[in-house]
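The values are calculated or read from the model by the stated rules, or taken from the named source; none is laboratory data. Since the structure is predicted, the reported quantities are computational estimates derived from the model, not experimental observations. Methodologically, a virtual Cβ is constructed for each residue, glycine included, from the backbone with ideal geometry; neighbour enumeration extends over all protein chains shown.
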Amino acid sequence: MPQAVTLAEVAGGRDNNFNLIRMIAASGVLVSHAFPIALGIGTRQPFEAATGYTLGWIGVAIFFAISGFLITRSFDRKSRIESWFSARVARLFPGLIVVSILIALFYGPVFTTLPAADYFTRVQTYTYVPRNVTLVSLQYGLPGVFTDHPYPVAINGSLWTLVHEVACYGGVFLAGIMGALASRRLFFMLCLLYAAAYVITGLPLVAEVMPDKVAPLRLLSYPFVIGMVFYVWREHVRLSWIVAAALALLAAALRPTALFEPVFVAAIAYATFVVAYLPGGLLRHYNRIGDYSYGMYVYAFPVQQAAVAVAGPMSPSMNIAIAFPVTLLFAIASWYAVEKPALDRRHRLAGWLGAWRSQPPVEAALPAGPGPAARSSPLD
């Protein structure tokens, strides 16, 4: 394969390294979290001193850049909105539901310091699953669980990114139904509006008064939007190792300035797509074993906290050594027992949604009177 190709030339199918990259990114989040989990909140994580961003955050940014590209491509290719929607639900929620139930009903009773009868009479035990599955108001703790840990209370501290991912999916949906994915001019206008919002919400005086969830959405939506831009203008995005290196050097040169953040994230996103499509050969064989990255992401934090509970005080490296193989086993089980079966059955949800959309309103089913004929469904 030539060393400089456009995304349009290589992004038509599934011959890429995205599964491997996502797995590496999820593993990077595990490595990064090992430091505060083992040593306490506020402990510096890898890359934090050099870049201002942790290895875990960089891994999440990679996830969002890939999602921005693939989710936009999926919407553009789907002939029906319900097919796109069902794919998103099947990919995100079955695994989240199962891990949340396992934590509340099995994991919590094992690690709580409360008597079992007391644990199962607390309201928090029963709000854990609905609050975390709906993503509306996340609940990180359970009664009596991990209250004395270096990183106290939180059982699954990685879930905070999921609500922002769903919000970004909403952005793709809105852009799609507006026709912006088919109209480069309209998409460009939306990008200008986003850029203005990104700059304004980054101003110190504005940032101080923003709601708590706006700042992380601002940071995570940026690599997601880069992925969207790469898809829409894929004919013009050339993949080159030289450009990836140049962006990295430019970001390093801008480290003391306000431009570092946007350039650094852009460099990460661009490098992600270079690595996804340019290296071939043996790397592509990884796709044969499945996509364990989501399972790695949602099971790592609970397993790492459990390692501290079982083995006591430990170094970050010991936490990684214990937690990684155990988390991998959970991730493999999640993929084959939960995630893949849900994805294989996503067309059933799409069919149900399509049937629901096609149902006429109640008045349409009644005999027409002397007045105007009954209206068709506004959803048709």
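Every condition in (1) in a helix (DSSP H, G or I); (2) surrounded by 20 or more Cβ atoms within 10 Å (Cβ to Cβ); (3) among the aromatic types (Phe, Trp, Tyr) holds for TYR151 except the one numbered (1).
Elements of the type helices (runs of 4 or more DSSP H) sitting completely within segment 172-245 and holding at least 1 residues that are under 19 Å from the mean Cα position of the chain (by Cα) and within 17 Å of ALA269 (Cα to Cα): these cover 214-232. The residue that is nearest to PHE301 (Cα to Cα), among those in segment 75-85 that are in contact with a helix residue (DSSP H, G or I) (Cβ under 6 Å, 6 or more places away or on another chain) and in a helix (DSSP H, G or I), is TRP84. Do we find that SER317 is within 21 Å of ALA4 (Cβ to Cβ) and in contact (Cβ under 8 Å) with a residue 24 or more places away in the chain in this structure? No, not satisfied.
Quick grid of which residues meet (1) in a helix (DSSP H, G or I); (2) modelled with pLDDT under 95; (3) crowded, with 22+ Cβ neighbours inside 10 Å:
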{"position": "VAL263", "(1), (2), (3)": "yes, no, no"}
{"position": "ALA266", "(1), (2), (3)": "yes, no, no"}
{"position": "LEU282", "(1), (2), (3)": "yes, yes, no"}
{"position": "TYR286", "(1), (2), (3)": "yes, yes, no"}
{"position": "GLY295", "(1), (2), (3)": "yes, no, yes"}
{"position": "ALA309", "(1), (2), (3)": "yes, no, no"}
{"position": "SER317", "(1), (2), (3)": "yes, no, no"}
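Residue count for segment 137-147 under the criterion of being in contact (Cβ under 8 Å) with a residue 24 or more places away in the chain and either touching a Leu at 6+ places or on another chain (Cβ under 6 Å) or in a loop (DSSP other than H, G, I, E, B) (or both): the result is 6. Is it the case that ILE37 is in a helix (DSSP H, G or I), of a type in the set (A, V, I, L, M), under 27 Å from VAL326 (Cα atoms) and without any contact (Cβ under 8 Å) to a residue 60 or more places away in the chain? Spelling it out, it is not the case that ILE37 is in a helix (DSSP H, G or I), of a type in the set (A, V, I, L, M), under 27 Å from VAL326 (Cα atoms) and without any contact (Cβ under 8 Å) to a residue 60 or more places away in the chain.
Scanning segment 353-366 for residues that are in a helix (DSSP H, G or I) and either modelled with pLDDT of 55 or more or β-branched (Val, Ile, Thr) (or both) gives LEU353, GLY354, ALA355, TRP356, ARG357, SER358, VAL362.
You will find that of ALA350, ALA300, ALA337, the residue that is modelled with pLDDT of 95 or more and in contact with a helix residue (DSSP H, G or I) (Cβ under 7 Å, 6 or more places away or on another chain) is ALA300 and no other. Restricting attention to segment 76-122 and to residues that are of a type in the set (Gly, Ala, Ser) and farther than 30 Å from ALA8 by Cα, the residue that is surrounded by the most Cβ atoms within 10 Å (Cβ to Cβ) turns out to be GLY108. For segment 12-54, the tally of residues that are under 17 Å from the mean Cα position of the chain (by Cα), of a type in the set (A, V, I, L, M) and buried (at least 21 other Cβ atoms within 10 Å of the Cβ) stands at 6. Among residues of segment 155-180 that are within 21 Å of GLY56 (Cα to Cα), those with a Cβ under 6 angstrom from a residue that is among the β-branched types (Val, Ile, Thr) and modelled with pLDDT of 95 or more, sequence gap 6+ or separate chain, pair up as ILE155/ILE103; THR161/VAL60. So which residues in segment 264-289 are free of Cβ contacts under 8 Å to residues at least 60 places away in the same chain and not hydrophobic (A, V, I, L, M, F, W, C)? Listed by number, the residues that qualify are TYR270, GLY281, HIS285, ARG288. Scanning segment 224-244 for residues that are closer than 21 Å to GLY59 by Cβ and loosely packed, with under 15 Cβ neighbours inside 10 Å yields a count of 0. Is it the case, given these coordinates, that SER67 is within 23 Å of PRO223 (Cβ to Cβ) and of a type outside the set (A, V, I, L, M, F, W, C)? Against the criterion (within 23 Å of PRO223 (Cβ to Cβ) and of a type outside the set (A, V, I, L, M, F, W, C)), SER67 qualifies. Applying a threshold of 8 Å to beta carbon distances and a minimum spacing of six or more residues, or different chains, the list of pairs starting in segment 12-26 at a residue that is part of a helix (DSSP H, G or I) and ending at one that is surrounded by fewer than 21 Cβ atoms within 10 Å (Cβ to Cβ) and among the polar types (S, T, N, Q) reads ASN19/ASN287; LEU20/ASN287.
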